[in-house]
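Colleague: Quick one: the structure is below, and I'll ask about it shortly.
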Amino acid sequence: MSLGWKLFLSYMVIVIVGASILIVTTLSIAPISFDQHMQSMESMMPSRMSMMRELEDQLNEGFYTAMLSSLLIATAAAATTALLVSVYVSYRIVQPIRALVKASQYIAAGNYNKRLAFASSDELGMLTESFNRMAASLEEIEATRQRLIGDVSHELKTPLASIQAYMEGLQDGIIEPTLETFQQIHHETSRLQRLVRDLQELSMVESGEISLNFDIYNLIDLLRSTVVWIQPQFEDKHVKLYTEFSDEKIFVRVDYDRLRQVLLNILGNALQYTDGGGQVTVRCYQHGKLARVEVQDTGVGLSEEDLERIFERFYRVDKSRARSSGGSGIGLTIARHILLAHGSDIRVESEGVGKGSLFYFDLPTV
Ligand code: ADP
């Protein structure tokens, strides 16, 4: 049964109950009251008793006829009003619901761009508003999913094509089965492995699935041990690694391993994008209730456009350079998510291409 009919029937129940109560009460109360009146008149004029009896019968009959016809007219008017009101109300309720049903079918079929106009500020308007919000976030999720599939397949394509070319060359005898050939193939498979590992990590941080083990550490100690660990790589490439740390201890509540991972990523990038002879400086100092960590390099720098995009997943400024060194453009995205989970965020500044970069973030001190 449609909503319109249900509304109409509910109004009709009220009309029928109202009319029935009216009929029952008037028909049971009115005759008693008539009788009492007539009896008092008869006692005042006993000589006119037979005339009074006749008058009472006529009055009674007239009263019942008038009563019944007015009740019939009132019930018919009420029923018509119930019909009109239910048609109007159901139209006002049913129309937006029908639009919502249609739009949700549209979305279920995979068309996420459907939106509805707000009809009112009542509950239906609120439902429409949250429907639109749901549609917008589904659209965003779908766009991200498609972008991710495109990016991942693009990333997989290059090493796979390279391995296939080597294999075909080996089979056809065009490529010699030398140690160098096998090293190249190994290099490509390592790239694939790294990519898969990064993707797993990315999906974990993006879905908020990483569990962080927060504890209180002296940030300076954490930085020092990370710098000591990565120092040999800097020496190999002849890039100087300086530290400028506050003399005071700075205590922060962090996940030690995850924060170290962020630092290694930023420092690894600084090393990768700084040519031999350049320098990288790691700073740490307290400002207000925050601890600031900075990594500044004298490397290739970043353009205005790159500054805005480097935290996007798979974004690489110089694709061939980053790819040949195994970079997948995911490291900074992961770093950002880890810092977000620490209530922080990563920022970058650069005066332009060739002018070095500065990566920094703040952590609340305890
Ligand atoms: P990748 O694994 O490719 O280094 P990241 O997410 O760590 O991925 O970095 C994304 C991109 O940001 C890099 O490909 C590089 O182009 C740019 N980038 C990162 N750090 C630096 C830096 N210190 N100097 C210049 N460019 C950088």
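Colleague: Only four residue types carry charge here, +1 at the Cβ of Lys and Arg and -1 at the Cβ of Asp and Glu. Report the dipole size of the stretch 7-120 about the Cα centre in Debye, rounded to the nearest 20.
Modeller: Working: 7 positive and 6 negative charges, 280 e Å.
Once rounded to the nearest 20, the dipole reads 1340 debye.
Colleague: Mind putting a number on the dipole of the chain about its Cα centre? Charges go on the C-beta only, +1 for Lys and Arg and -1 for Asp and Glu, and I need it in Debye to the nearest 20. Can you show the working numbers first?
Modeller: Details: 34 positive and 45 negative charges, 56 e Å.
So the magnitude is around 280 debye.
Colleague: Let me check against my output: what whole-number percent is the relative contact order of the chain, with C-alpha pairs under 8 Å and at least 6 apart?
Modeller: Working: 392 pairs, mean separation 42.6, N = 366.
Averaging sequence separation for qualifying contacts and normalising by length gives 12 percent for the chain.
Colleague: With +1 on each Lys and Arg Cβ and -1 on each Asp and Glu Cβ, and nothing else charged, work out how big the dipole of the stretch 109-209 is about its Cα centre, in Debye to the nearest 20. Display every interim value, and only then the final one.
Modeller: On the way: 9 positive and 17 negative charges, 38 e Å.
With only Lys, Arg, Asp and Glu charged at Cβ, the dipole is about 180 debye.
Colleague: Please list, by residue number, every one of the trypsin sites (Lys or Arg not before Pro) in the stretch 232-330 that is coil in DSSP and has at most 13 other beta-carbon atoms within 10 Å. Mind dumping the intermediate values first?
Modeller: Numbers: sites: LYS237, LYS240, LYS249, ARG253, ARG258, ARG260, ARG283, LYS289, ARG292, ARG309, ARG313, ARG316, LYS319, ARG321, ARG323; in loops: LYS249, LYS289, ARG313, ARG316.
Those satisfying the criteria are LYS249, LYS289.
Colleague: May I ask which of LYS289/LYS355; LYS240/LYS289; LYS249/LYS289 have a Cα-Cα span longer than 21 Å here?
Modeller: Details: LYS289/LYS355 31 Å; LYS240/LYS289 31 Å; LYS249/LYS289 13 Å.
Result: LYS289/LYS355; LYS240/LYS289 exceed 21 Å.
Colleague: Any chance you could run the full-extension gain for ALA74 through GLN146? It's 0.36 nm times the residue separation minus the Cα-Cα distance, nm to one decimal.
Modeller: On the way: separation 72, 0.36 × 72 = 25.92 nm, distance 6.46 nm.
Full extension of this stretch gives 19.5 nm more.
Colleague: Report the one residue of LEU219, SER207, TYR242 whose Cα lies farthest in the direction of the positive end of the charge dipole of the stretch 196-242 (charges on C-beta: Lys and Arg +1, Asp and Glu -1; origin at the Cα centre).
Modeller: Final value for the positive-end residue is TYR242.
Colleague: Cβ under 12 Å from VAL239's Cβ, VAL239 left aside: what net charge do those residues give with Lys, Arg +1 and Asp, Glu -1? All intermediate terms of the calculation are to be shown ahead of the outcome.
Modeller: On the way: positive: LYS237, LYS240; negative: GLU235, ASP236, ASP275, ASP297.
Around VAL239, the surrounding residues sum to -2.
Colleague: Turning to a different aspect of this structure: Extending each Cα 7 Å along its Cβ direction at LYS289 and GLN184, get the distance between those two points in nm, one decimal.
Modeller: Going by the 7 Å Cα→Cβ label model, 5.9 nm.
Colleague: Are there any chymotrypsin sites (Phe, Trp or Tyr not before Pro) in the stretch 265-366 that are in a DSSP loop and have at most 12 other Cβ atoms within 10 Å? List them by number.
Modeller: Numbers: sites: TYR273, TYR285, PHE311, PHE314, TYR315, PHE359, TYR360, PHE361; in loops: TYR273, PHE311, PHE314, TYR315.
When the chymotrypsin sites (Phe, Trp or Tyr not before Pro) of the stretch 265-366 are filtered for loop state and at most 12 Cβ neighbours within 10 Å, nothing remains.
Colleague: Within 10 Å, at most 11 other Cβ atoms, and a DSSP state outside H, G, I, E, B define an exposed site. Report the longest part of the chain free of exposed GluC sites (Glu not before Pro).
Modeller: Details: sites that count: GLU209, GLU248, GLU351.
Maximal segment without exposed cleavage sites: 1-208.
Colleague: Separate question: Compute the Cα gyration tensor for the stretch 96-225, then decide on rounded, prolate or oblate, letting a ≥ b ≥ c be the square roots of its eigenvalues: rounded whenever a/c is under 1.5, prolate when a/b is larger than b/c in the other cases, and oblate in all that remain.
Modeller: Numbers: a/c = 6.20, a/b = 1.74, b/c = 3.57.
Oblate.
Colleague: Of THR128, GLN95, ALA78, whose Cα points farthest to the positive end of the dipole of the stretch 24-166 (charges on the beta-carbon: +1 Lys, Arg; -1 Asp, Glu; origin at the Cα centre)?
Modeller: With unit charges placed on the Cβ atoms, the residue in question is THR128.
Colleague: With every protein chain left in place, what is the accessible area of THR158 in Å² (1.4 Å probe, nearest 10)?
Modeller: Surface open to solvent at THR158 totals about 60 Å².
Colleague: With a 1.4 Å probe and all protein chains kept in place, how much accessible area does SER33 have, in Å² rounded to the nearest 10?
Modeller: 50 Å²
Colleague: With the Cα gyration tensor of the stretch 269-311 giving a ≥ b ≥ c as the square roots of its eigenvalues, does the rule (a/c under 1.5 for rounded; else a/b larger than b/c for prolate; else oblate) give rounded, prolate or oblate? Write down the numbers at each step before the final one.
Modeller: Numbers: a/c = 3.31, a/b = 1.38, b/c = 2.39.
Verdict is oblate for the stretch 269-311.
Colleague: Follow-up question, since we're still on this one. Could you work out the Rg to Rh ratio of the chain, with Rh taken as the Kirkwood radius (inverse of the mean 1/r over all Cα pairs)?
Modeller: Details: Rg = 41.7 Å, Rh = 28.8 Å.
With Rh from the inverse mean 1/r over Cα pairs, Rg/Rh is 1.45.
Colleague: Between the stretch 139-200 and the stretch 276-311, how many Å separate their Cα centres?
Modeller: 31 Å
Colleague: Based on DSSP H runs of at least 4 residues, each adding -39500 (n - 2.57), what is the mean residue ellipticity at 222 nm of the chain after dividing by all its residues, to the nearest 500 deg cm²/dmol?
Modeller: Details: 9 runs with 239 residues, N = 366.
Mean residue ellipticity, 222 nm, calculated: -23500 deg cm²/dmol.
Colleague: Also, I was wondering about something else. So, taking all protein chains as they sit and a 1.4 Å probe, how much accessible area belongs to HIS238, in Å² rounded to tens?
Modeller: Estimated to the nearest 10 Å², HIS238 gives 140 Å².
Colleague: Next question. Name the shape class, rounded, prolate or oblate, that the alpha-carbon gyration tensor gives for the stretch 193-297, where a ≥ b ≥ c are the square roots of its eigenvalues, rounded holds for a/c under 1.5, and otherwise prolate holds if a/b is larger than b/c and oblate otherwise.
Modeller: Details: a/c = 2.23, a/b = 1.07, b/c = 2.09.
It is oblate, given that a/c is not under 1.5 and a/b is not larger than b/c.
The values are calculated or read from the model by the stated rules, or taken from the named source; none is laboratory data. Small disclaimer: the values here were computed from a predicted structure and weren't measured. Neighbour counts run over all protein chains shown; Cβ positions are idealised from the backbone, glycine included. Protein only, heavy atoms only, side chains kept; ligands, DNA and RNA dropped before computing areas. Shrake-Rupley method; radii C 1.70, N 1.55, O 1.52, S 1.80 Å.
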